[in-house]
Amino acid sequence: MTSQQQDNSTEYSGRLAPPPASSLPLAILAIVTFVPFGIVALLRALSVRGLWEQGEYDSSVRAAADARRWSIRALAVGVSIAVLSVGAALVLSRS
């Protein structure tokens, strides 16, 4: 290794990357729309910062992506249930 290629990472004590976005507000909204998936989303969103602080950046990125996915699933299921419920109520009220 030449002097230009030396690894200086031991001299740097700061974080190499900022923490990923945890999607915490989206996870909280997900709890309102569909609780089972929302809880999973919230737990994943809350674990992002802790994983990042432990130096597990890849795991924190995966947790953030999982939180976002579970939040979107919860929102989709919650909205679907609401639409079907309103539709069923309208159909039954006309009978």
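All of the numbers you see were taken from the coordinates with simple rules; none came from a lab. All values derive from a computational prediction rather than experimental measurement. Neighbour counts run over all protein chains shown; Cβ positions are idealised from the backbone, glycine included.
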Practice task
Would you mind working out the magnitude of the charge dipole of the stretch 24-94 relative to its Cα centre, with +1 at each Lys and Arg C-beta and -1 at each Asp and Glu C-beta, to the nearest 20 Debye?
Solution key: 300 debye
Handout entry: Estimated vicinal HN-Hα couplings, Hz - the stretch 47-61 in sequence order (Karplus 6.51, -1.76, 1.60; Gly, Pro = x)
Key = 7, 4, 5, x, 5, 5, 5, 7, x, 9, 5, 4, 5, 5, 5
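Please go through the stretch 13-95 and write out the chymotrypsin sites (Phe, Trp or Tyr not before Pro) that DSSP classes as loop and that have at most 12 other C-beta atoms within 10 Å.
Qualifying residues, ordered by number: none.
I need the GluC sites (Glu not before Pro) found in the stretch 9-94, filtered to DSSP loop residues with at most 12 other beta carbons within 10 Å of theirs. Could the numbers behind the result be given before it?
Values: sites: 11, 53, 56; in loops: 11, 56.
Within the stretch 9-94, the qualifying GluC sites (Glu not before Pro) (loop, at most 12 other Cβ atoms within 10 Å) are 11.
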Exercise for the section: State the answer as a single residue: which of 27, 57, 87 lies farthest towards the positive end of the charge dipole of the stretch 24-94, with beta carbon charges of +1 for Lys and Arg and -1 for Asp and Glu, about the Cα centre. Expected result: 87
Practice task
Count charges around residue 76 for me, please; just the other residues with Cβ under 15 Å from its Cβ, Lys/Arg as +1, Asp/Glu as -1.
Solution key: +3
